[in-house]
Amino acid sequence: MKLSSFILHFRQLLQKIFGRKFPVVPSLNNTTQRPISIISVRFSDEFEQNIACSPCAVNPLNQLIPVDNTANVFYYSLSEAINEGLAKAKHDLLVVVHEDVYLPEGWHACLETALAALEAYDTEWGVLGTAGVSAEGVLHGHYSDPNNYCNTFKKNEWFTPIASIDEHLMIFRKSSGYRMDNLHPGIHGIGTDLVLSAQQKGARCYVINAPSIHKYKDAQGKIINSIDDSPKIIDRVNYAYIADKQCCDDYIRYKW
């Protein structure tokens, strides 16, 4: 077993024993200045309990763009639904986020601080996230989900390069022209595909130290403390989920 896999399993064991850990967002005392358009596809009532009530989503500086795809009946694919939201974005800085992600108080300030540090190093960055994997297969980022809590950043470290991004949160610029592939068959690998598209254009991609909380509350507003509290995670054992992931993996391999 690789060291990174061992660390992940160890973290999952600790979380199972002691309960879920949530990130502590630093108090930066910054007044946010860069407006963002937040695009989220609404699949269920978890939308209202998570991203819709995140402080940055209700900040009048920003734009929240919900795309209704309840029960996956209005769009051919998640990618097509996301692109519908991107077309409505008023701001250049885009945050594409799953409906079950909560961005805690201070997240927007962390984003701006990370961007300032990154843009002093790389003004042509491509795609950003809060969870990703390096070319060596090592997990990087700062996030919490029912499976794992991860913070690979050192003090005052704001970004690190990666080869793939988890699509629960993706950040890029509207002016970059990046869009999702409408033919992508499912929910898996969209972040990988977007990063590969950016790299093809010569841009480097990163995870930033702006912690996200994935699968924070269920549709009734109850905090998800373990994988047993999340219907979406429990549902991953069914054949439809397994088939969807296999189709997405095959599509990425075929495309790239």
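Since every read-out is calculated from the coordinates, none of them should be taken as a lab result. These numbers were taken from a predicted model, which means no experiment stands behind them. Note: ideal-geometry Cβ built from the backbone for every residue, glycine included; neighbour counts use all protein chains shown.
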Low-density loop chymotrypsin sites (Phe, Trp or Tyr not before Pro), region 73-120, at most 15 other Cβ within 10 Å, DSSP non-H/G/I/E/B, are 74, 76
Ordered by number, the trypsin sites (Lys or Arg not before Pro) in region 221-256 that occupy a DSSP loop and have at most 13 other Cβ atoms within 10 Å are 222
Any lysines whose Cα falls less than 28 Å from that of residue 201, other than same-chain ones fewer than 8 residues away, would be 88, 90, 174, 245, 255
Ordering 113-121, 205-213, 46-54 by per-residue average of other C-beta atoms within 10 angstrom, highest first, gives 205-213, 46-54, 113-121
Helix-only [θ] at 222 nm, the chain, -39500 (n - 2.57) per DSSP H run of 4+, per residue, nearest 500, equals -9000 deg cm²/dmol
Taking Cα pairs closer than 8 Å and at least 6 residues apart, the relative contact order of region 77-149 in percent is 12 percent
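Give me the extension gain from residue 226 to residue 238: residue separation times 0.36 nm, minus the current Cα-Cα distance, reported in nm with one decimal. Numbers along the way, then the final one.
Numbers: separation 12, 0.36 × 12 = 4.32 nm, distance 1.90 nm.
Net length gain for the segment: 2.4 nm.
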Eigenvalues of the alpha-carbon gyration tensor of the chain, times 5 and square-rooted, give semi-axes in Å, largest first, of 23, 22, 21
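Checking the a/c ratio against 1.5 first, then a/b against b/c, what shape does the Cα gyration tensor give for region 173-231?
Prolate shape, in that a/c is at least 1.5 and a/b is the bigger ratio.
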Scalar couplings 3J(HN,Hα) for region 74-88 by Karplus 6.51 cos²θ - 1.76 cosθ + 1.60 (θ = phi - 60°), nearest whole Hz, x for Gly and Pro, are 9, 9, 4, 8, 4, 4, 5, 5, 4, 4, 4, x, 4, 5, 9
1/(1 + (r/R0)^6) with r = Cβ-Cβ of residue 31 and residue 135, R0 = 41 Å, i.e. FRET efficiency to nearest 0.05, evaluates to 0.65
Total charge of the residues flanking residue 66 in space, meaning their Cβ is under 11 Å from its Cβ, with Lys and Arg +1 and Asp and Glu -1, is -2
When the charge dipole of the chain is computed with +1 at the Cβ of Lys and Arg and -1 at the Cβ of Asp and Glu, the Cα pointing farthest to the positive end, of 213, 230, 160, is that of 160
Restricting to lysines and to Cα separations under 21 Å from residue 222, and discarding same-chain partners fewer than 8 apart, the set is 16, 21, 232
Contour minus Cα-Cα span, residue 71 to residue 48, at 0.36 nm per residue, comes to 6.8 nm
With the 8 Å Cα cutoff and a minimum separation of six or more residues, region 157-256 has a relative contact order in percent of 34 percent
Sorted by chain and number, the residues with a modelled amide H under 5 Å from that of residue 160, at a separation of 5 or more or across chains, are 207
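So what is the relative contact order of the chain, in percent, for Cα pairs below 8 Å that sit 6 or more residues apart? Mind dumping the intermediate values first?
Numbers: 529 pairs, mean separation 63.0, N = 256.
In percent, rounded to a whole number, it is 25.
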Quick calc, residue 58 & residue 175: beta-carbon distance into FRET formula, R0 22 Å, rounding 0.05, result 0.30
